[in-house]
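K.L.:
Here's a structure for you.
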Amino acid sequence: MGQLPAVSNVLPVREYLLVALTAAVVTFLLVGLVRKLAFRIGAVAYPRQRDVHVKPMPRMGGLAMYGGVLGGMLLAHQLPVLRSAFDFSYDPYAVIVGGGVIVLVGVLDDRFELDSLTKLAGQVTSAGILVLFGLQWLLFWVPWGDDGEGTGSLLSLDQNQGAILSVLLAVTMVNAMNFVDGLDGLAAGIGLIAATATCVFSIGLLANNGGDVGAYPPALIAATLAGACLGFLPHNFNPARIFMGDSGSMLIGLMLAAATISASGKINYESVRATDVLGLLSPLVVVAAVLFVPMLDLLMAVVRRTRRGESPFSADKMHLHHRLLEIGHSQRRAVLLIYLWAGVLAFGAVALTLFDVVVVVWCLGGGLLLALLVSAIPRLREVRRT
């Protein structure tokens, strides 16, 4: 690593867009090769009772997405501006190595259907790699401990506490994205929305830090992930020609966790007013919004299955997307509805940290109301008929 980070007066927005576009193009071009490989080695999803697809479908799409991430990272490494993200931080290397491990685990699962404990071990290993490279969440603002001054205080975690928290966050994100991957284009679209929102948030942090190149990595990680999801989506949207499989959904979860944890260490708490609670809690707000839909699905599945005396990792046909299909939405409409919910929440949370809170809250409320009404259209039609 280099010495102290330098400061740039110009935000490298165009460079991030170029990196995302490169990741998208590489992913798009690799999908055809991965599709042929999946058929050749038998990494194929055959229709089951709980599945929505009706014909054998190749998996391992995450392998193409990882190739896109590598392509975007390689370009960023060659660009004079974004090269600083590698010179002053190990975060991009953590994503490359940890992402490679989790994609390998996912590919093995796509081919051989590993048991849940083996997959969990792979997820923890990948998250541990992030920690070993220094990606840890170590600092929180809390509203107490201010000695009566009303400014709150910073809660600093030691290395062990930060490691445990970071691994738990990464594994939770990985499994949340894995659980939500049930309809054509669903996980790729949510990954694109979440990564884009995280990238915008990270660029906002970069601007608040005066262009400090030490804050480059989170936006770079999110931009490459957004590009990979964008490049994969044309092959995966209904009707899909390939599934991303666990190799793709777990990669999305891990990279979202990496971008979020990286961003958490880039907040300049000295420049944020103690009364600006949203600014101080912005990483947590963005994480909660980005993961609201997949986490809600995950929690409902865990509660539902444990109440039946089953393993939390056992499969069923009661996920949110299944429920949308049951009330009368088509596959495409169900996916677009979940996009709408995820987009309103994720970009609404990011906007809260960047713009006037009152205006954003009104817009966010209107967006949520619209999403609720559109989701309820089939039920409203049934009520009218009866």
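The values are calculated or read from the model by the stated rules, or taken from the named source; none is laboratory data. As the structure is a computational prediction, the values presented were derived from the model and not from experiment. Cβ: placed from backbone, ideal geometry, glycine included. Neighbour counts: every protein chain shown. In case anyone asks, the SASA skips ligands and DNA or RNA and just uses the protein heavy atoms, side chains included. Shrake-Rupley method; radii C 1.70, N 1.55, O 1.52, S 1.80 Å.
K.L.:
Within the range 188-201, identify whether any single residue is under 19 Å from residue 32 (Cα atoms), open to solvent by less than 10 Å² (accessible area, probe 1.4 Å) and in a helix (DSSP H, G or I), and answer yes or no.
P.N.:
The answer is yes, given that some residue of the range 188-201 is under 19 Å from residue 32 (Cα atoms), open to solvent by less than 10 Å² (accessible area, probe 1.4 Å) and in a helix (DSSP H, G or I).
K.L.:
Another question, then. Output the residue which, of all residues in the range 91-143 that are of a type in the set (Asp, Glu) and crowded, with 19+ Cβ neighbours inside 10 Å, is modelled with the lowest pLDDT. Explain how you work it out, then say what you get.
P.N.:
First, the residues of the range 91-143 that are of a type in the set (Asp, Glu): 91, 109-110, 113, 115.
Those still in the list that are crowded, with 19+ Cβ neighbours inside 10 Å too: 91, 109-110.
On the way: 91: 94, 109: 93, 110: 90.
Per the criteria, the residue is 110.
K.L.:
Working only within the range 202-236, note down all residues that are open to solvent by 30 Å² or more (accessible area, probe 1.4 Å), modelled with pLDDT of 90 or more and more than 16 Å from the chain's Cα centre (by Cα).
P.N.:
234
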